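All remarks here apply to the structure that follows.
Quick note: the coordinates plus some simple rules give every number you see, no bench work behind them. None of the values given here were measured: they were computed from a predicted structure.
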Amino acid sequence: MEEVIDLKKLYKILRKRIYLILSLTIVAIGITASLSYFVITPIYQAQTQILVNQKVNDQEGYAQAQQLETDLQLINTYNVIIKSPAILNKVIDKLDLNITTEMLAEQLFVSSESNSKVVNIKVLDTDSEKAVAISNTVATVFKEEIPKLMSVDNINVLSVAKISKDSSPVKPNKLLNIVMGAVIGFVISVGFALLLEFLDTTIKTESDIEEFLALPVMGLVGAIPTEKKYKSRKARRT
């Protein structure tokens with residue numbers, strides 16, 4: 001019963017402060033939309049895929065299977081090599097980038113699917129054309145340098161990153177940010193409305209007397225009319 005009463009009270013509080021809640025929620029949506037569209041710098045992504053494989057001559061099935069397992073185990077090593085200074089320094093020199101290898105490594109994301117010899121090279125940058133150039137150059141430099149570093153003689157580029165005029169940034173996700181802003185604004189506004197209600201200790205109704213003073217209400221005094229209203233009412237009676 002107490003839970004039902006509390007829910008009813010909560011509903012009354014929210015209904016009473018509905019305009020405050022809506023106003024704060026709309027303000028939060030506006031702030032989030034403004035940040036997403038006009039303040040946060042858009043980030044673009046470019047991706048290149050390469051296939052790392054060693055040439056296999058006519059071998060028995062067991063030897064081929066063993067070679068495949070070895071190649072898969074080396075994928076993690078290739079991922080580390082791609083982000084190493086041995087590769088990134090040459091990429092910086094080729095593209096004449098004014099950044100360090102550490103900064104470039106932070107823009108670079110190398111991954112591979114489970115049990116796959118395909119390596120994905122993703123680059124994030126504020127310039128879409130620059131992201132494409134870095135992604136493709138990393139793949140090219142890796143293809144040139146990996147035979148010198150390891151016994152790998154078969155690197156194929158499966159797909160190259162391309163420049164598109166219609167490319168859209170991957171960050172920020174404007175719609176998601178606006179939705180999150182609306183949710184956060186709503187939660188904050190509800191909390192603020194409840195805080196205002198709980199801090200308001202003034203007695204306004206007879207139910208407040210019963211609640212705060214724990215005293216029963218024995219009677220009510222109606223509104224006392226002012227002298228002007230009293231004379232006006234008396235004149236109408238006359």
Once phi is turned into ³J(HN,Hα) by the Karplus curve 6.51 cos²θ - 1.76 cosθ + 1.60 with θ = phi - 60°, what whole-Hz value does each residue of segment 16-32 show in order, with x for glycine and proline? 5, 9, 4, 5, 5, 5, 5, 5, 5, 5, 5, 4, 5, 5, x, 5, 5
VAL157 long-range amide H proximity, modeled H, under 5 Å: LEU51
Which of the pairs LYS8/LYS174; LYS94/LYS162; LYS16/LYS171; LYS83/LYS165; LYS90/LYS162; LYS9/LYS174 have their Cα atoms more than 30 Å apart in this structure? LYS8/LYS174; LYS16/LYS171; LYS9/LYS174
